[in-house]
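What follows is a single structure, written as structure tokens, with notes after it.
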Amino acid sequence: MKPFARMGSGLVTAFMLMVGSVAPAMAIQPTGPTVGPSGNPLPRFVSMSASKANMRTGPGRQYPVAWVYSRRGLPLEVIDEFGAWRKVRDHEGTTGWMLVSLLYGDRSVMIRGKTRELYAEPNLGADVLLTAEPGVIGEIDACKGLWCEVVVDGTSAWIERRHVWGVYAAEEID
């Protein structure tokens, strides 16, 4: 689940959305990513560094706040850049603009779909170390082949790549 608030008409309505109902199955990185004005590739994944961040309708403080995110470590996909602003997409496909200072390059993933098991080794026959609900966020240690090693609440464990959002289908991370 993702806590956030939708802004509109001066009223803030807070709600929780279930992960997976409208989320894209997995982000597919286009071949040969382009390079943005910052010198970093586009698209790319980052994480939210702030415990609260406004997503705006355009790249500037003069644009209205469309969403307020309240989840440090939330994985976001940067899809465009304009000065100190990054156009980001969340796990549900919502897009908007955030200040670069609210984001950082350390990678995280979000468990998607349903409750998932995380294993001691990258195979389904290994011991189960954790069981995680949809929406749980973990830091990425590595992704190789069909598996990603993530840290959740201080425990390092492996999960099938297809069960997380925040890493591309063929991306290798060491």
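The values are calculated or read from the model by the stated rules, or taken from the named source; none is laboratory data. Since the structure is predicted, the reported quantities are computational estimates derived from the model, not experimental observations. Counting neighbours? That spans all protein chains shown, and the Cβs are built from the backbone with ideal geometry, glycine included. In case anyone asks, the SASA skips ligands and DNA or RNA and just uses the protein heavy atoms, side chains included. Shrake-Rupley method; radii C 1.70, N 1.55, O 1.52, S 1.80 Å.
Here residue 124 does not fit the description of being modelled with pLDDT of 95 or more, farther than 24 Å from residue 89 by Cα and in a strand (DSSP E or B).
Within region 132-159, the only residue that satisfies the criterion of being under 16 Å from the mean Cα position of the chain (by Cα), small (Gly, Ala, Ser) and part of a loop (DSSP other than H, G, I, E, B) is 135. Could you check region 33-79 and list, in sequence order, the residues that are in contact with a Leu (Cβ under 9 Å, 6 or more places away or on another chain), at pLDDT below 95 and of a type outside the set (A, V, I, L, M, F, W, C)? Listed by number, the residues that qualify are 33, 34, 36. For residue 100, the test of being closer than 30 Å to residue 60 by Cα and hydrophobic (A, V, I, L, M, F, W, C) is passed.
Count of region 8-32 residues, restricted to those that are within 19 Å of the chain's Cα centre (by Cα) and either over 15 Å from residue 76 (Cβ atoms) or at pLDDT below 50 (or both), is 14. Here residue 100 meets each of (1) farther than 19 Å from residue 35 by Cα; (2) open to solvent by 10 Å² or more (accessible area, probe 1.4 Å) with one exception, condition (1). Scanning region 45-55 for residues that are in a strand (DSSP E or B) and open to solvent by 40 Å² or more (accessible area, probe 1.4 Å) yields a single hit, 54. Output the residues belonging to region 146-157 that are small (Gly, Ala, Ser) and either over 17 Å from residue 121 (Cβ atoms) or open to solvent by less than 30 Å² (accessible area, probe 1.4 Å) (or both). Residues satisfying the conditions are 154, 157.
The rows are residues; the columns are (1) surrounded by fewer than 20 Cβ atoms within 10 Å (Cβ to Cβ); (2) within 22 Å of residue 49 (Cβ to Cβ); (3) without any contact (Cβ under 8 Å) to a residue 40 or more places away in the chain.
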position	(1), (2), (3)
73	yes, yes, no
105	yes, yes, no
108	no, yes, no
136	no, yes, yes
144	yes, no, yes
166	no, yes, no
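Pairing residues of region 84-96 that are outside any strand (DSSP E or B) with residues that are of a type in the set (Gly, Ala, Ser), at Cβ distances under 6 Å and at least 6 apart in sequence or on separate chains, gives 91/23; 92/23.
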